[in-house]
Amino acid sequence: MEEEYAIVSKKEFERLRKELERLKKNPLGDSEKGQDLQESIDNLSRSLNTMMSIFKEAAEDMKLESREQDLIHKKIDPLAEKLDQLIEQNQKIAKGLIAVADMVKEKLEKIESYVQNKQGAQNESKSSFEPSLPPLGTDIPTSTPPPLPKTSPTPPPPPQGPFPPPPGSSTPPPPPPAKKTPILGGLMK
């Protein structure tokens, strides 16, 4: 293919080059609509850049938060397990206390019924064994109890132990203490 060449003056060439540069800088031209469009595109570009920087910061914050959450979970998980164990133990203790309270209640009911039965039986026996009193104004016969038999006092037993025998007794005196003899090392036997 053959290329076509045209001879252009240097002045015309410079003008074309300036226009090309201007179009590169402002492709929409000098019209009012073109300038508005260019401003909108510039604003959109700035907004996108701002939004991207916000997203980057948010992503970094989320990474930090996830690390903090992991650390918190590592510290809290053992505590949560211990709390669960305490709750289970407290439930067992509560069940045991309820069982003991029920047993005590049953025993108390049995004791109360036993006491009531005993009191009822005593009241019945008192009413059947109460002596009848004579009407007021009548003489009550009195009787004296029979005299108790007289007994002669017995002499007290002889004293025993570390006390000396009374005078005139025939018990021999205790033996004298044993003599201590030295053993090896100066100990006494």
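The values are calculated or read from the model by the stated rules, or taken from the named source; none is laboratory data. Treat the numbers as computed from the prediction; the structure is a model and nothing was measured. Here the Cβ is made from the backbone with ideal geometry for all residues, glycine too, and neighbour counts use every protein chain on show.
Here Val8 meets each of (1) part of a helix (DSSP H, G or I); (2) more than 36 Å from the chain's Cα centre (by Cα) with one exception, condition (1).
Take Leu79 and tell me if it is over 60 Å from the mean Cα position of the chain (by Cα), assigned to a helix (DSSP H, G or I) and aliphatic (A, V, I, L, M).
no
Kindly indicate whether Leu71 is in a helix (DSSP H, G or I), farther than 30 Å from Leu23 by Cα and at pLDDT below 90.
So Leu71 fits the description; yes.
Just one of (1) loosely packed, with under 10 Cβ neighbours inside 10 Å; (2) assigned to a helix (DSSP H, G or I); (3) more than 58 Å from the chain's Cα centre (by Cα) trips up Glu39, so point out which. Of (1) loosely packed, with under 10 Cβ neighbours inside 10 Å; (2) assigned to a helix (DSSP H, G or I); (3) more than 58 Å from the chain's Cα centre (by Cα), only one is false for Glu39: (1).
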